[in-house]
Amino acid sequence: MATARYILSEYVELALGQAVYDKLEDGSLSGRIPDCKGVLAFGGTLRECEEELHSTLEDWILAGLKLGHALPVRTA
């Protein structure tokens with residue numbers, strides 16, 4: 001039986017794999033995905049920041065697709 005592929009889910013997973021996290025002066029964290037301009041999130045813990053970044057990325061993708069923008073693609 002063939003395994004189903006969910007391209008959008010795979011894109012999100014790969015994009016999140018490129019995430020960069022920084023610890024801020026107040027101890028909280030910021031996260032961003034360099035190839036996805038404007039995708040930025042904050043959280044008190046790494047987990048919170050990751051969850052917020054995931055949500056922000058999904059919203060960014062949906063808005064971009066609705067507006068007809070191409071998604072950035074990184075080639076190997």
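Nothing in this text is a laboratory measurement; each read-out follows from the coordinates by a stated rule. What you see is a predicted model, and the numbers here were worked out from it, not measured in a lab. Cβ placement follows ideal geometry from the backbone for every residue including glycine, while neighbour counts extend to all protein chains displayed.
Here are the numbers:
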| quantity | calculated |
| --- | --- |
| Convex hull per residue volume in Å³, alpha carbons only, for the chain | 113 Å³ |
| Segment 3-75 - charge dipole about Cα centre, Lys and Arg +1 at Cβ, Asp and Glu -1, debye rounded to 20 | 360 debye |
| The chain - mean residue ellipticity at 222 nm from DSSP helices (-39,500 (n - 2.57) per run, n ≥ 4, rounded to 500) | -13500 deg cm²/dmol |
